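Peer 1: Let me give you the structure first, and then I'll get to my questions.
No lab work stands behind these numbers, since they all come straight from the coordinates. Predicted model only: the values in this text are computed from it and were never measured. FYI the Cβ positions are ideal-geometry reconstructions off the backbone, even for glycines, and counts take in every protein chain you see.
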Amino acid sequence: MTAQAWLNRDHEFPPGRERFRSDRRFQIWAYSASHGQLLLRSTPLYGDEDRPDPETTIDVLFKPIEAIKLRDSFTGLVIRCAEPEEADQVKASLPGVRWEGRHVFMLQSPDQGQSDYVVSMAVGWREGMLPRMQQSFFSSDIVPGDRWTPNPLHGVGAGLNMASARDLLDALRADDHPPRRRERHRYVYVLMTRYSRAERTEVSGAGVFLTEADAEEARALFARKVDDCWIETLPVAM
């Protein structure tokens, strides 16, 4: 397996051709309705020094997907192009699916026997040391002016990594912050103000609030004293 690849051309998908193989455990990690993106991930086991698992993360991305039949995890993962008979069976079970440019990928665990499938135009993967504040290898790097993204994929997600209010409070009260991965988040509400001072306009944050109701009450108090004020919703890494 190469460290990274992106396959999206017809000649890269000959029938029966194995495209990816790993003996590591993979889970369904994220789905984004934008562009039909499905992310499978194999994570390192942090804090368990007795296990010989690699310290790298492997992300496997399918996009755009048309249909899936998938279990929640794979103990070892093989991805291959469907044989003609397999592709015909999948197509027969999916009337109404757009097939132009789409490919049937068979997903298997060597020890589990059963095959699942993903119908998609492209598949790719990346392996490496995932930075703690980056949610996936397929999310863009942070550039000046951007906000920290709480989701592994761009677009509308399922919100599975949303932390509870209790998790947020526990994190705020903690005396230490171990260097664990920041895979969950909670939103906070930041009151921003714009005002004139010494013939220039300044913008600054006036406060951070755990609930939108509190932020709205604070905005009402500031509204009469500044040129403009508004609320920005920002994710807090947990």
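Peer 1: Once you have the Cα-Cα distance between GLU212 and ILE231, take 0.36 nm times their residue separation minus that, and quote the gain in nm to one decimal. It would help to have the intermediate numbers written out before the result.
Peer 2: Details: separation 19, 0.36 × 19 = 6.84 nm, distance 0.86 nm.
Here the segment from GLU212 to ILE231 would lengthen by 6.0 nm.
Peer 1: Subtracting the Cα-Cα distance from 0.36 nm times the residue separation, let me have the gained length for GLN114 to ALA171 in nm, one decimal.
Peer 2: Details: separation 57, 0.36 × 57 = 20.52 nm, distance 4.14 nm.
Difference between extended and current length: 16.4 nm.
Peer 1: If Lys and Arg each add +1 and Asp and Glu each add -1, what is the summed charge of the other residues whose beta carbon sits under 14 Å from the beta carbon of ASN161? Present the calculation step by step, with values, prior to reporting the outcome.
Peer 2: Working: positive: ARG41, ARG180, ARG181, ARG182, ARG184, ARG186; negative: ASP167, GLU183.
Net local charge, ASN161 excluded: +4.
Peer 1: Below 8 Å between Cα atoms, with a sequence gap of 6+, how large is the relative contact order for region 4-128 in percent? Please report the intermediate quantities before stating the final value.
Peer 2: On the way: 261 pairs, mean separation 42.0, N = 125.
Once divided by the residue count of region 4-128, the mean separation gives 34 percent.
Peer 1: Right, here's the next one. Based on the Cβ-Cβ distance of GLU85 and GLU55, what FRET efficiency does E = 1/(1 + (r/R0)^6) give at R0 = 35 Å, to the nearest 0.05? All intermediate terms of the calculation are to be shown ahead of the outcome.
Peer 2: Numbers: r = 40 Å, r/R0 = 1.15.
It comes out at approximately 0.30.
Peer 1: One quarter of the convex hull surface, Cα atoms only: what value does that give for region 4-128 in nm²? Could you put the intermediate results ahead of the total?
Peer 2: Values: hull surface 32.5 nm².
Hull-based average projected area comes out at 8.1 nm².
Peer 1: Continuing with this model, one more query. Can you figure out the FRET efficiency of ASP72 with MET133, using R₀ = 25 Å and their beta-carbon distance, to the nearest 0.05? Show your work: numbers first, answer last.
Peer 2: Working: r = 26 Å, r/R0 = 1.05.
Calculated transfer efficiency: 0.45.
Peer 1: Mind checking which of PHE222, ALA5, GLY36 is farthest towards the positive end of the chain's charge dipole, using Cβ charges of +1 (Lys, Arg) and -1 (Asp, Glu) about the Cα centre?
Peer 2: PHE222
Peer 1: Which one of LEU168, ALA198, PRO179 has its Cα pushed farthest toward the positive end of the charge dipole of region 162-238, where Lys and Arg give +1 and Asp and Glu give -1 at the Cβ?
Peer 2: Ranked along the dipole, the leading option is PRO179.
Peer 1: Relative to 2.2 N^0.38 Å, what does the C-alpha radius of gyration of region 179-238 come to as a ratio? Two decimals please. It would help to have the intermediate numbers written out before the result.
Peer 2: On the way: Rg = 14.1 Å, N = 60, 2.2 N^0.38 = 10.4 Å.
Rg over 2.2 N^0.38 Å, computed on Cα atoms: 1.35.
Peer 1: Based on Cβ point charges of +1 for Lys and Arg and -1 for Asp and Glu, what charge dipole magnitude is obtained for region 167-227 about its Cα centre, in debye rounded to the nearest 20? Walk me through the intermediate numbers first.
Peer 2: Numbers: 12 positive and 12 negative charges, 45 e Å.
Charge dipole of region 167-227: 220 debye, to the nearest 20.
Peer 1: Run the dipole for region 4-128 about the Cα centre, Lys and Arg Cβ at +1, Asp and Glu Cβ at -1, nothing else charged, and hand back the magnitude in debye, nearest 20. Numbers along the way, then the final one.
Peer 2: Working: 16 positive and 20 negative charges, 86 e Å.
Magnitude of the dipole: close to 420 debye.
Peer 1: Test of understanding: ordering LYS91, LYS225, LYS63, LYS69 by Cβ neighbours within 10 Å, fewest first, what list do you get? Please report the intermediate quantities before stating the final value.
Peer 2: On the way: LYS91 16, LYS225 10, LYS63 19, LYS69 13.
Ascending number of Cβ neighbours within 10 Å: LYS225, LYS69, LYS91, LYS63.
Peer 1: Report the dimensions of the chain along its three principal axes from the alpha-carbon atoms, largest first, rounded to Å.
Peer 2: Largest first, the chain extends 73, 48, 29 Å along its Cα principal axes.
Peer 1: Once fully extended, how much extra length lies between VAL203 and ARG180, figured as 0.36 nm per residue of separation less the alpha-carbon to alpha-carbon distance?
Peer 2: 4.9 nm
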